[in-house]
């Protein structure tokens, strides 16, 4: 293996694949990066056995020039050294010894056998299961993955349910206390398909992808899902088990629908959060009480910090105009952060029934809702 590469180009590649590198892996070879040079491209691969990122840099004779092909597994220390090199770097491999020269800097590294590196599942990359625009892919994840559970009690709830049906791509995520759902129109090769992707994998994918480019999605088995974006591929294991049927949690009718300014609603709840959190024995972000009667009145109280009250006019109300409901500050704020509209609808069915927060003036290709379970207060 023998190639010359622009520092910025290979550092960007290392930055992408290093997202899944672990310092505490039980498989030593996964502590390194698989480097493969051909006359067409230089490919970098890193994996933690659950997630794998592969980034390929095309040979263009300017930023990358391959003089000899080959492959090896380099130690993570190479990444740190490359960041401190000059503009042009020359890599040469002889056996298991990698020589790196950049200006006056000259390094040699002991490498591992590339044949021992885990093989990637084979995919037919000419026909993706479906394709999303980069911004659509990012928005769907941003609006759902945050609601995944962090508890080990029900591992399936640590994922996002990814479903294709009737030409639509749907993502649903819940930790059993809140729920986020989006539905994006998208042409698909599959008639119906349902898998559960770890929320962490989705988050990592958005960090390494160029979201100005399309994202191709490949689902050919029940074990893995593959995302391809420009020169980067992201492979993730799927979660085992059946995702709960969340459709029955979403109310189909509502006693009251309140239309209110999203930014003002967020500011009101955020302003009460510090007082609310002091009264929460679970050390979360506390509970706020909403009373609707001509205006929206938000209150909270704490023996340690006192009490707070904010009166906020709403734009419109359909249905009952005299009710009270309590809910988590954190859950409401997290949900409001995902919405992009100026106005939102809060849809209520009762003081102890789940309520919805939905944008007003939804994008014609994207349907979204956020659901929050209320909190019992005395």
Overall form of region 53-103 per C-alpha gyration tensor (a/c, 1.5; a/b vs b/c): rounded
Kirkwood-based shape ratio for region 2-116, expressed as Rg/Rh from alpha carbons: 0.93
Highest-MSF residue in the chain out of 179, 120, 44 [GNM, Cα springs under 10 Å]: 120
Anisotropy class of region 250-372 from Cα gyration tensor, a/c 1.5 cut: prolate
Over the chain, relative contact order from alpha-carbon pairs under 8 Å, at least 6 apart, %: 12
Binned Cα-Cα distance frequencies in region 123-217 - 5 Å width, integer %: 3, 14, 23, 25, 20, 10, 4, 1, 0
Nearest-ten-degree value, helix 199-208 long axis tilted from longest Cα axis of the chain: 60
Of 59, 20, 196, the one that fluctuates the most in a GNM where the chain has Cα springs shorter than 10 Å: 59
Degrees separating the helix 329-338 axis from the principal Cα axis of the chain, which is the longest one: 60
Computed helical MRE - 222 nm, the chain, DSSP H runs ≥ 4 contributing -39500 (n - 2.57), nearest 500: -5000 deg cm²/dmol
C-alpha long axis of helix 7-17 to longest principal axis of the chain, angle in °: 50
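Rounded to two decimals, what is the ratio between the C-alpha radius of gyration of region 305-378 and 2.2 N^0.38 Å? Please list the in-between numbers first.
Details: Rg = 13.6 Å, N = 74, 2.2 N^0.38 = 11.3 Å.
Output field value: 1.20.
Beyond 37 Å, what share of the Cα-Cα pairs of the chain remains, rounded to the nearest whole percent? Spell out each step's value before the answer.
Working: 25905 of 71253 pairs.
That fraction is 36 percent.
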Shape call, region 218-271: gyration tensor on alpha carbons, a/c limit 1.5: oblate
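Each value in this text was obtained by applying a stated rule to the coordinates, not by laboratory testing. The model shown is predicted, which means the values in this text are computed figures rather than measured ones.
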